[in-house]
Each structure stands twice: as C-alpha cells, then as structure tokens.
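One structure is given below, encoded as structure tokens.
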Amino acid sequence: MLAAALVFIMVVVAGIAGPLGIPALIAGIVAASFVLAGLAAPPRPSPARAGAASRMRLWLGEILVACAIMLLFMPFERWLMRRGVRGSPAGPGPVLLVHGYVNNAGALFILWRAIKAAGHGTYTLNLTPVYSDIDAYADLLERRLAEVQACENGRPVALVCHSMGGLAARAYLRKHGGKRVARLITLGTPHDGTALARAAMGENGRQMRPGSAWLRALAAHEQGVWPCPVTSIYSRDDNIVVPQLSAHLEGARNIALDGIGHVSLPMSAAVARLVVTELPSGRSAPAA
C-alpha cells in the first residue's frame, strides 16, 4: 500500500512537472517519500520530535542534494572523481566506496573527498548492470578489491557503502569471506528491506522488499556474526528506508543519526567526518 501510494504520487507529479522541469519532478518525489516515510516511522518521545522548521530544513536539504546528485555529480562523475587515488604506504588503509540503487559513484562525492583528504587510498566502482541480482555484484566487488589491493601493497580494504551498496557488500562477504576486507561501514542500508522497494524495478529492487526470500537467506547465513568489524550508520529521518529501523543490523556497531535524509547521508560533511573516525585508523565515536 505504501509503495503503491508513492508510485501514484510520482505519476501525478510527473504529469504537472513538465513546464517546471526535472528539478520540480525531483522535489515532488522527495517530498512524497518523506510523507510516506513519516507514516511508517515509529513514534518518538516528545523531546526527540522535530519541529516544523526542522522538518522543512530536512526536506529542503534532501531536495537540494538530490537535484545536485542527479544533475551534476552523477552525470559528471568521471570528470569530478578519480576512480583510484593511491594512499601512502605508511598512511591509513585503503577504502573502496560502493554506491546504492540506480546511482553511480558520483552520489558519494563529499564522502570520497573527505576520505581522500584524510590520507586514505580512495577507490570507487559502479555497480552494473543497474537492475542486476545483488549477488551478481559480489564478483564485481571481488575483482575491484583485488585491483585495489594490488595498488596498495596487499593491504586489506575498508568498504564504505551507501544504501543497496551495503547489501552488495554483505553478499560479497557471504560468497568470498572477509580476507580482503578490513572493515565494513554502511550508510542508510535497508538491511531488513524497505517498503518503498515495492515500487522499485529489477531483481535487486525485489530483493530489497521486506521479508524477501533473498534477505531472509542472507540473514540466516550470517546470524549476526561477521568476518570483519561492521558499522551501520543510519538516520531516524531516512525517507527511503521504511521503516527506518530496517537499517539497524544485528551484530554490528549501530549509530543512529537525526535530521538527515537518505541521499544526503554520503553527501554530508558531518557524516563524512563520522565515517573517517570509524575507519580502521580512526578513533571510534560513541554509538547512539
């Protein structure tokens, strides 16, 4: 029902956005996602409830970031970001960034820049085909991790993954183990699925539906036991992961944030600083 309502709202918005262009369409979709995500959000104690001004800042911030990603960072990803930046042999370990559903590495630009500035070898990849089975991404990750290790004197690699990218990393760990991985950090990953995936296309969209056979099999294999340290960072105000607690991962270090939307997570300077502290050479921040 929730996802069907989102599709209906998207169709209506698309019908009226023609003269206003793509930014109006993006704004309408983001607004609709917040309305629907709010309906599924668990109740919060009164002191933790955001006021109208805070909600408006949250919505406007997510709209602006979504427009920037769709119109600038994703189309010009190859010009804005190098696919591989080697780190110093004496510096902190390498990091591979993994994007989410129907995105490319450009959606992680701020995160990429912060990790690179912290001295890590910083690498990206694009998950293709776009609508593939998530398990198919496991072999893509294996090849890219081998390439990164070849550039970094065999050092283990930290995986930093947004949204569906975190599920791709879990599929990788299930198939290939953790021998190449120093740490896994996920941002806004629907570990238990998201209701909005019922409106998503492709096999990977179906796999992200709550209670899917794929998610159940993945969790049954892991049983909350990991071959490397795992951190799940997520927002209680996420507008795509519905319900938001689906991003809480058993057996991981879970850090819950407030006041930030889904696509804004990897494009937030504050979140990027938190991720850097969670990397193997960093100093851990207190869990929420």
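The values are calculated or read from the model by the stated rules, or taken from the named source; none is laboratory data. Source: prediction; values computed, not measured. With ideal geometry, Cβ positions are generated from the backbone for all residues, glycine too; neighbour counts draw on all protein chains shown. These area figures cover heavy atoms from the full protein model, side chains too; ligands, DNA and RNA do not enter into them. Shrake-Rupley method; radii C 1.70, N 1.55, O 1.52, S 1.80 Å.
What's the magnitude of the charge dipole for region 55-123 around its Cα centre, counting Lys and Arg as +1 and Asp and Glu as -1 at the beta-carbon? Answer in Debye, nearest 20. The partial results should precede the final answer.
Details: 8 positive and 2 negative charges, 29 e Å.
It works out to roughly 140 debye.
Roughly how many nanometres apart are two label points built 7 Å out from the Cα toward the Cβ at residue 139 and residue 250?
If labels sit at residue 139 and residue 250, their model points lie 3.0 nm apart.
Top mean-square fluctuation among 276, 35, 65, Gaussian network model of the chain, C-alpha springs under 10 Å?
35
First compute the accessible area of the chain with a 1.4 Å probe, then give the percent of it belonging to carbon and sulfur atoms. Spell out each step's value before the answer.
Values: 7970 of 12620 Å².
It is 63 percent, rounded to a whole number.
Specify the angular offset, from 0 to 90 degrees and rounded to the nearest 10, of the alpha carbon long axis of helix 136-151 from the longest principal axis of the alpha carbons in the chain.
So the inclination is approximately 40 degrees.
Just want to confirm a number: the relative contact order over the chain, from Cα pairs under 8 angstrom separated by 6+ residues, in percent.
20
Mind telling me which of 256, 217, 171 comes out most flexible in a GNM of the chain, alpha-carbon contacts under 10 Å?
217
Hey, what angle do you get for helix 269-278 against the long axis of the chain, alpha-carbon based, 0 to 90 degrees rounded to 10?
Roughly 40 degrees, rounded to the nearest 10.
With springs only between Cα atoms under 10 Å apart, run a GNM on the chain and tell me which of 192, 258, 238 wobbles the most.
In the Gaussian network model the winner is 258.
Which value, in debye to the nearest 20, gives the size of the charge dipole of the chain about its Cα centre, when Lys and Arg are +1 and Asp and Glu are -1 at the Cβ?
Numbers: 27 positive and 16 negative charges, 104 e Å.
Charge dipole, the chain, about its Cα centre: 500 debye, nearest 20.
Have a look at 73, 245, 136 and report the one farthest towards the positive end of the charge dipole of the chain, computed about the Cα centre with Cβ charges (Lys/Arg +1, Asp/Glu -1).
73
Compute the accessible area per residue over the chain, keeping the other protein chains in place, probe 1.4 Å, unit Å². Could you put the intermediate results ahead of the total?
Details: 12620 Å² over 288 residues.
Normalised by residue count, the accessible surface of the chain is 44 Å².
Using a/c under 1.5 as the rounded threshold, could you call region 143-288 rounded, prolate or oblate? The axes a ≥ b ≥ c are square roots of the C-alpha gyration tensor eigenvalues, and prolate needs a/b larger than b/c, oblate otherwise.
Details: a/c = 1.69, a/b = 1.17, b/c = 1.44.
Since a/c reaches 1.5 but b/c is at least a/b, the shape of region 143-288 is classed as oblate.
Counting Lys and Arg as +1 and Asp and Glu as -1, each charge on the Cβ, what is the dipole of region 121-198 about the Cα centre in debye, to the nearest 20? Each step should come with its number before you reach the end.
On the way: 10 positive and 7 negative charges, 40 e Å.
So the magnitude is around 200 debye.
Residue separation times 0.36 nm, minus the C-alpha to C-alpha distance between residue 213 and residue 176: what's the value? Let's see the in-between values first.
Details: separation 37, 0.36 × 37 = 13.32 nm, distance 2.06 nm.
Length difference between fully extended and current span is 11.3 nm.
Taking Cα atoms, how many degrees apart are the long axis of helix 2-16 and the longest axis of the chain, rounded to 10 and kept between 0 and 90?
Here the helix axis deviates by roughly 70 degrees.
Alpha carbon centre of region 55-79 versus region 103-168: separation in Å?
If we compute the Cα centre of each part, the gap is 20 Å.
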